Amino acid sequence: MKKKAIFYHAGCPVCTSAEKSVLSALDESRFNIEVVHLGSEKGRIPEAEELGIKSVPALSLDGEVFHINFGASIADLKRP
């Protein structure tokens, strides 16, 4: 059974660079990969917070969170 990988980002240059690098390193035969742009999918911010994500880009592998570099804080993404 494949594990769930969710890559959260905000679309900034740091995030898009991390997305290319990190996601290309994941084995798609082992992971179902989903990409979530929290800048345009603000309704998913509570989900990210519940996982413990404080900033993006971040990767959740079966619920374990890895913060990658720093593009934007979740607090910044909540602002209108």
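Computed quantities for the displayed model
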| item | result |
| --- | --- |
| Residue match in region 73-80 (condition: within 12 Å of I6 (Cβ to Cβ) and either in contact with a Leu (Cβ under 8 Å, 6 or more places away or on another chain) or in a helix (DSSP H, G or I) (or both)) | no |
| Selection count where residues are among the small types (G, A, S), at pLDDT 95 or above and surrounded by fewer than 16 Cβ atoms within 10 Å (Cβ to Cβ), scope region 41-64 | 2 |
| Pair list, Cβ < 7 Å and 6+ apart or interchain, from region 1-21 residues that are of a type in the set (A, V, I, L, M) to residues that are not in a strand (DSSP E or B) | A5/L26; A10/L38; A10/G39; A10/L77 |
| Of residues in region 22-40 being more than 15 Å from G11 (Cβ to Cβ) and polar (S, T, N, Q), the one surrounded by the fewest Cβ atoms within 10 Å (Cβ to Cβ) | S29 |
| Condition broken by H67, with the remaining ones in (1) at pLDDT below 95; (2) touching a Leu at 6+ places or on another chain (Cβ under 9 Å); (3) outside any loop (DSSP other than H, G, I, E, B) satisfied | (1) |
| Test: residue in region 16-37 that is modelled with pLDDT of 95 or more and in contact with a Ser or Thr (Cβ under 7 Å, 6 or more places away or on another chain) | no |
| Number of the condition not met by K78 [criteria: (1) within 19 Å of C12 (Cβ to Cβ); (2) buried (at least 16 other Cβ atoms within 10 Å of the Cβ)] | (2) |
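Residue-wise test of (1) within 11 Å of L77 (Cα to Cα); (2) part of a helix (DSSP H, G or I); (3) among the aromatic types (F, W, Y).
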{"position": "A5", "(1), (2), (3)": "no, no, no"}
{"position": "T16", "(1), (2), (3)": "no, yes, no"}
{"position": "V22", "(1), (2), (3)": "no, yes, no"}
{"position": "S29", "(1), (2), (3)": "no, no, no"}
{"position": "I33", "(1), (2), (3)": "no, no, no"}
{"position": "S40", "(1), (2), (3)": "yes, no, no"}
{"position": "S60", "(1), (2), (3)": "no, no, no"}
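The values are calculated or read from the model by the stated rules, or taken from the named source; none is laboratory data. These numbers were taken from a predicted model, which means no experiment stands behind them. Backbone-built Cβ (ideal geometry, glycine too); neighbour counts: all protein chains shown.
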